[in-house]
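All remarks here apply to the structure that follows.
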Amino acid sequence: MGNYDAKVPPIREARLKAGDTFGGALCELMDCCREGCLIQKNRSFWQAGSCQMNGAMMMAGTLEKTVIVNHSPGGCSAQLHFLSFQAAKGMGRRGKPNLSVPWLSTNLTESDVIGGGEKKLLETIEYADKTFRPELIFVVLTCAPSIIGDDLDEVVQTARGRVNAEIVSLHCPGFKSRIFASAYDTFYHGLLKTLSFSPKPWLDYRPIDENAPDAELRYAAWAWQKAHTVNVWNATSIGSDDEAEVARLLGALGLTTRIYAEYASRDELRKVSEAALNISMCDVHDDYILKYLEEEFGTPYVIAGMPIGFRHTREWLLAIAAHFHLERQAEALADYEEKIAKDAIAPYAEKIKGKRVLIYGGAVRAGVEATVMAELGLEILGIRTYHYDEGADAVFKDVERLSPEATISVSTQLFEMTHQIKTLKPDLVLSHNGTQGYMAKLGVVSVQLFDMDKVFFGYTGIFQILRRIVFEFKNTSYRDRLSKRIRLPYKQAYFEGNTFQYIKN
């Protein structure tokens with residue numbers, strides 16, 4: 001039985017050569033990943049860990065007319081306050097109703113853990129359907145009900161006969177995987193097991209009468225439209241302005257762009273199969289669903305890094321253009337855009353040339369950003385990614401070529417990040433969304449690696465990134481004052497040891 005037939009998707013550690021613990025040279029990391037030792041690495045001390053449940057809820061909350069039912073103790077839903085707000089804002093920026101996502105928790109108690117929570121879950125699903133009238137109900141299975149053996153799929157099967165909404169099961173107990181990216185596969189597995197990716201006659205289109213005089217013309221129009229339509233798969237870290245920049249560039253090649261799966265509706269998802277090509281915007285984010293769509297509908301896919309900076313944007317466009325035999329047009333487009341953008345970034349690039357930089361974030365985005373900065377003349381001291389798997393190899397071979405001396409950290413641990421900043425003393429940190437507070441306490445100049453409200457992709461993106469970096473170097477008062485008044489929770493002796501002293505081989 002293949003992965004797509006199983007009730008529960010495989011975790012990243014089982015599906016790919018992946019890990020979340022490493023510190024050292026880049027060539028050692030790729031060797032370790034290839035030989036399978038990366039997954040065996042561990043730490044003697046963990047400050048905190050990431051949970052795939054949060055990632056699954058983060059993606060589920062972005063779909064239109066959705067309710068999330070979290071089958072868990074109450075505390076597991078704490079982050080939904082923020083995720084609901086974030087999803088509503090994302091909807092609004094895409095021209096859709098910016099309504100908060102309703103969410104419910106079964107609020108499992110000690111008695112439920114002893115007696116089981118299936119009855120409570122069924123009642124919550126029925127309440128959600130009756131009260132909110134959603135199109136989709138995502139039911140999230142967390143640690144506690146997984147441990148006591150609640151049968152989520154049996155409950156969902158029972159509920160499907162009683163409610164109007166379609167119910168999507170997300171199996172994502174946090175203890176099962178240390179790798180946050182497992183959440184991407186969990187979300188896509190829930191969609192492909194439940195929803196249709198094919199349009200329905202009379203609902204989505206009017207069937208063609210083969211005896212009608214214009215039948216041949218209508219078939220030709222349908223085929224032409226499908227042959228010039230591409231699906232671009234987004235991620236929560238990719239904002240609406242990034243999507244607009246990508247659609248602008250692909251539109252210049254004569255292609256119609258549809259964005260999936262986040263911020264799509266159930267009706268829009270039924271058109272997924274009506275495209276000539278599926279395109280990823282991150283090597284480690286979408287391969288699970290793209291391989292399924294190729295297997296199920298015969299739709300090819302392109303995974304070619306992230307379109308950040310001149311070279312990566314050109315390579316990304318050419319990889320897509322090759323499918324449509326539009327390489328010459330893509331080269332001409334890239335030449336035209338680069339000529340304009342190079343003049344625009346010149347004053348900013350000159351001001352940051354030679355700066356020493358650390359980059360923290362997801363594996364592919366951090367790696368791509370490192371090569372962009374290196375090509376602009378910055379020195380890459382190190383890269384810290386939350387996990388690493390073989391999908392990122394292509395990007396990191398490029399990093400090794402440009403910055404062979406850079407230190408690589410695969411870590412979600414704040415104490416290792418703090419140690420690295422205190423010992424390497426970078427001029428600039430490009431860091432993951434949500435870490436700016438830590439950077440300010442450490443008194444280091446920092447810019448977010450991504451921001452859902454700003455553009456990072458394509459030719460508009462590189463201009464905006466450099467402008468923000470220059471602005472941050474001019475405005476250091478807040479972090480200078482804060483860092484002098486903050487006492488870090490570490491003893492000085494900790495910083496005298498190796499950054500990766502708690503990693504066990």
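Tabulated values for the structure
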item: Test: residue in the range 393-410 that is under 21 Å from PHE457 (Cα atoms), buried (at least 23 other Cβ atoms within 10 Å of the Cβ) and either at pLDDT 95 or above or not β-branched (Val, Ile, Thr) (or both); result: yes
item: Condition check for VAL156: open to solvent by less than 10 Å² (accessible area, probe 1.4 Å) and more than 30 Å from GLY434 (Cα to Cα); result: yes
item: Residue in the range 142-153 that is nearest to ALA18 (Cα to Cα), counting only those that are touching a helix residue (DSSP H, G or I) at 6+ places or on another chain (Cβ under 7 Å) and open to solvent by 10 Å² or more (accessible area, probe 1.4 Å); result: CYS143
item: Failed condition for THR423, given (1) more than 25 Å from MET306 (Cα to Cα); (2) hydroxyl-bearing (Ser, Thr, Tyr); (3) open to solvent by less than 10 Å² (accessible area, probe 1.4 Å); result: (3)
item: Unique match (being over 13 Å from LEU191 (Cα atoms) and charged (D, E, K, R)) among ARG311, ARG270; result: ARG311
item: In the range 172-191, residue modelled with the highest pLDDT [restricted to those that are touching a Gly at 6+ places or on another chain (Cβ under 8 Å) and open to solvent by 20 Å² or more (accessible area, probe 1.4 Å)]; result: TYR184
item: Counted residues, the range 419-445 - those being on the phi > 0 side of the Ramachandran plot and more than 16 Å from the chain's Cα centre (by Cα); result: 2
item: Residues of the range 122-152 that turn out to be under 30 Å from ALA14 (Cα atoms), among the hydrophobic types (A, V, I, L, M, F, W, C) and in contact (Cβ under 8 Å) with a residue 40 or more places away in the chain, as a count; result: 9
item: Residue in the range 173-183 that is farthest from the chain's Cα centre (by Cα), counting only those that are part of a loop (DSSP other than H, G, I, E, B) and of a type in the set (A, V, I, L, M); result: ILE179
item: Some residue of the range 84-95 being hydroxyl-bearing (Ser, Thr, Tyr) and either in contact with a helix residue (DSSP H, G or I) (Cβ under 7 Å, 6 or more places away or on another chain) or farther than 24 Å from ASP451 by Cβ (or both); result: no
item: Criterion (open to solvent by 40 Å² or more (accessible area, probe 1.4 Å), within 17 Å of GLU245 (Cβ to Cβ) and among the aromatic types (Phe, Trp, Tyr)) met by exactly one of PHE463, PHE457, PHE471; result: PHE463
item: Residue satisfying all of: in the range 86-121; of a type in the set (D, E, K, R) and free of Cβ contacts under 8 Å to residues at least 60 places away in the same chain; farthest from PHE187 (Cα to Cα) among these; result: GLU110
item: Residue within the range 340-352 that is modelled with pLDDT of 95 or more, outside any loop (DSSP other than H, G, I, E, B), within 18 Å of the chain's Cα centre (by Cα) and of a type outside the set (S, T, N, Q) present; result: no
item: The listed residue being over 21 Å from the mean Cα position of the chain (by Cα) and within 19 Å of GLY19 (Cβ to Cβ), out of GLU375, GLU405, GLU416, GLU379; result: GLU416
item: Qualifying residue in the range 446-458 (condition: within 21 Å of the chain's Cα centre (by Cα), over 30 Å from LEU249 (Cα atoms) and not in a loop (DSSP other than H, G, I, E, B)); result: no
item: Check on VAL155, out of contact with any Ser or Thr (no Cβ under 7 Å at 6 or more places or on another chain), in a helix (DSSP H, G or I) and touching a residue at least 24 places away in the same chain (Cβ under 8 Å); result: yes
item: Residue count for the range 25-55, restricted to those that are open to solvent by less than 20 Å² (accessible area, probe 1.4 Å) and either assigned to a loop (DSSP other than H, G, I, E, B) or not hydrophobic (A, V, I, L, M, F, W, C) (or both); result: 3
item: Subset of the range 372-431 [in a helix (DSSP H, G or I) and within 22 Å of ALA48 (Cα to Cα)]; result: LEU414, PHE415, GLU416, MET417, THR418, HIS419, GLN420, ILE421, LYS422, THR423
item: Lone unmet requirement of (1) touching a Lys or Arg at 6+ places or on another chain (Cβ under 6 Å); (2) of a type outside the set (Val, Ile, Thr); (3) more than 30 Å from LYS130 (Cβ to Cβ) for PRO199; result: (3)
item: When residues of the range 192-215 are limited to those that are among the basic types (Lys, Arg) and over 21 Å from ASP287 (Cα atoms), the one most open to solvent (accessible area, probe 1.4 Å); result: ARG206
item: Complete set of residues in the range 325-348 that are exposed (fewer than 14 other Cβ atoms within 10 Å of the Cβ) and among the β-branched types (Val, Ile, Thr); result: ILE340
item: LEU170 being within 21 Å of the chain's Cα centre (by Cα) and in a strand (DSSP E or B); result: yes
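The values are calculated or read from the model by the stated rules, or taken from the named source; none is laboratory data. Bear in mind that the values here come from a model prediction, so they are computed numbers and not experimental data. Positions of Cβ are backbone-derived with ideal geometry, glycine not excepted, and every protein chain shown enters the neighbour counts. We work out accessible area using only protein heavy atoms, side chains counted, and drop any ligands, DNA or RNA first. Shrake-Rupley method; radii C 1.70, N 1.55, O 1.52, S 1.80 Å.
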